[in-house]
Amino acid sequence: MAYAIHATCVTCWACLPECPNDAIHERGGHLVIDPVLCTECTGDHLDPQCASICPVEEAIVDATGTPLNPLGSLTGVPAQVRLAYTAAHESGGWSCLP
Amino acid sequence: MPKHTTIDDRTATHPCYDGEAHQKYARLHLAVAPACNIQCHYCNRKYSCANESRPGVVAEVLTPKQALARVAAVKVRFPQLTVVGIAGPGDALANPDRLITTCSLIRDAFPELMLCLSTNGLALPAQAARLVDLGVHHVTVTINALDPTVTARIHPWIFWEHRRRRGLEAARILIDNQLAGLDILVAKGVAVKINSVLIPGVNDTHLPELNEVISRRGARIHNIVPLLSDPSFGTYHGLMGQRGPTPSEVAAVRRACRGTAIQMTHCRQCRADAVGLLGADHHAEFSTRHPPAERCDGMGHLTVPPTFSTTATMLFHAAGTLPARSTPGPFAVAGGEPRVLSPSSL
């Protein structure tokens, strides 16, 4: 089993030095986890290190694609507020924000 | 370039530490530190933006070698450059390898420049001694509260000893490390500035007590900055309706602070890749990143909207007329002619 980095990653590199298996690499400007090297930190740490320092919700996902840090879990911003913000951001306007 | 002998001589030419120096001397923020080890409710970790003007935002992250090249280029453009600072877009000390390499390269190539950094303080006890060895004379530590119940309302988690810690546990560790780090820096003769973000209803009544403590421990300057919480920033505070303070509220808190640390009032809350004199940012001139497609006309001309960036917000601050909660986002501000930057000026 291995974790993966989703496109929401902002490439802050915080996870890279924390990985006990050196499984995280930069490829084409993006960070990727080598699924062969990733052990989900089993045997090394109580918590997976990449997911424990990652500041971006939904950026680290498990083998089923489930985020280890779901929306709202890191920033405290409720999921519906974050989704409304993201939609407003992508449409170029801010007026629909709560 | 003046010859520096004592830390006070150096401080006199540091635009962020001296109330007069900012009119004469320029500084450069090198964005070499994208990683962070804590979460702040006034921060959005999507740090990459060409146009917003606020702490924690940059156009691009530099490698240490690129940072050295940036210093050389900026020094030609701004001969009055005295300070090179590392202020993010994450935390300087959460990126130790990049920090050390960058500082070493600059110290060797430009020994006359002052090295400066800002940090949340979590990693200070472990790294303070090494900073002094690197020739860092000025350090800013952001401390927003000394009461864990207040800190926990501003910083929801920290990454410490291989675990994400939350709530009061996280707040206690953060505060302990901030104060221990402050003591080490002061003992080593570093000029320490404390930044505190003033958040109405959260830490406003607590800051005078904080001011007393950090003054007693030897901080030279206390920089109380107003919370910036425009919803467009996408921060917890911005999206949850936490308003920033009015200029009169900021002034009242500053007046209530009676410690010996000098109150800084000329802060412009710069970007983490700011270039030039305070309040007149030139970071876009030095950016190597290709202009964003949506604001590029296809001919290589980048239209920079007349944002609230270095102009409106700062003018509002200067004039004491900043709305308690400004609503328009960076691309929605009306009025003024857009500036067009040609490829040669990028």
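The values are calculated or read from the model by the stated rules, or taken from the named source; none is laboratory data. Since we're looking at a predicted model, the values are computed, not measured. Backbone-built Cβ (ideal geometry, glycine too); neighbour counts: all protein chains shown.
For the reader, a short list of remarks on this structure follows.
- Residue match in the range A:80-89 (condition: modelled with pLDDT of 95 or more and either touching a helix residue (DSSP H, G or I) at 6+ places or on another chain (Cβ under 6 Å) or within 9 Å of chain B (Cβ to nearest Cβ) (or both)): no
- Only one of the listed residues (A:Gly28, A:Gly76) is more than 10 Å from every other protein chain (Cβ to nearest Cβ) and not basic (Lys, Arg). That residue is A:Gly28.
- Residue match in the range B:185-203 (condition: part of a helix (DSSP H, G or I), closer than 30 Å to B:Asp8 by Cβ, of a type in the set (S, T, N, Q) and more than 14 Å from every other protein chain (Cβ to nearest Cβ)): no
- Filter result (out of contact with any strand residue (DSSP E or B) (no Cβ under 7 Å at 6 or more places or on another chain) and of a type outside the set (Phe, Trp, Tyr)) within the range B:107-123: B:Asp108, B:Ala109, B:Pro111, B:Glu112, B:Ala123
- Here B:Ala252 clears all of (1) under 16 Å from the mean Cα position of the chain (by Cα); (2) free of Cβ contacts under 8 Å to residues at least 24 places away in the same chain except the condition numbered (1).
Residues checked against (1) at pLDDT 90 or above; (2) within 14 Å of chain A (Cβ to nearest Cβ); (3) part of a strand (DSSP E or B):
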residue: B:Asn51; (1), (2), (3): no, yes, no
residue: B:Pro55; (1), (2), (3): no, no, no
residue: B:Ala67; (1), (2), (3): yes, no, no
residue: B:Val76; (1), (2), (3): no, no, no
residue: B:Leu93; (1), (2), (3): yes, yes, no
residue: B:Thr101; (1), (2), (3): yes, yes, no
residue: B:Cys116; (1), (2), (3): yes, no, yes
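- Among the residues here, B:His155 does not qualify as touching a strand residue (DSSP E or B) at 6+ places or on another chain (Cβ under 6 Å), surrounded by 17 or more Cβ atoms within 10 Å (Cβ to Cβ) and away from chain A (no Cβ under 14 Å).
- Hits in the range B:228-255 (condition: away from chain A (no Cβ under 12 Å) and part of a helix (DSSP H, G or I)): B:Pro247, B:Ser248, B:Glu249, B:Val250, B:Ala251, B:Ala252, B:Val253, B:Arg254, B:Arg255
- Members of the range A:1-40 that are surrounded by fewer than 19 Cβ atoms within 10 Å (Cβ to Cβ) and assigned to a strand (DSSP E or B): A:Ala4, A:His25, A:Glu26, A:Arg27, A:His30, A:Val32
- Residues in the range B:118-136 include at least one that is touching a residue at least 60 places away in the same chain (Cβ under 8 Å), more than 23 Å from B:Thr260 (Cα to Cα) and within 14 Å of another protein chain (Cβ to nearest Cβ).
- Counted residues, the range B:204-214 - those being touching a strand residue (DSSP E or B) at 6+ places or on another chain (Cβ under 7 Å) and either outside any loop (DSSP other than H, G, I, E, B) or of a type outside the set (D, E, K, R) (or both): 4
- Pairs, first under 15 Å from B:His237 (Cα atoms) in the range A:77-90, second assigned to a helix (DSSP H, G or I), C-beta under 6 Å, six or more apart: A:Val77/B:Tyr236; A:Val77/B:Leu239; A:Val81/B:Leu239; A:Tyr85/B:Leu239
- Residue check, B:Thr151 of a type outside the set (D, E, K, R) and either in contact with a His (Cβ under 8 Å, 6 or more places away or on another chain) or more than 25 Å from B:Ser196 (Cα to Cα) (or both): no
- In the set (1) away from chain A (no Cβ under 14 Å); (2) crowded, with 17+ Cβ neighbours inside 10 Å; (3) part of a helix (DSSP H, G or I), B:Thr149 fails one condition alone, (2).
- Residue in the range A:45-64 that is more than 10 Å from every other protein chain (Cβ to nearest Cβ) and touching a residue at least 60 places away in the same chain (Cβ under 8 Å) present: yes
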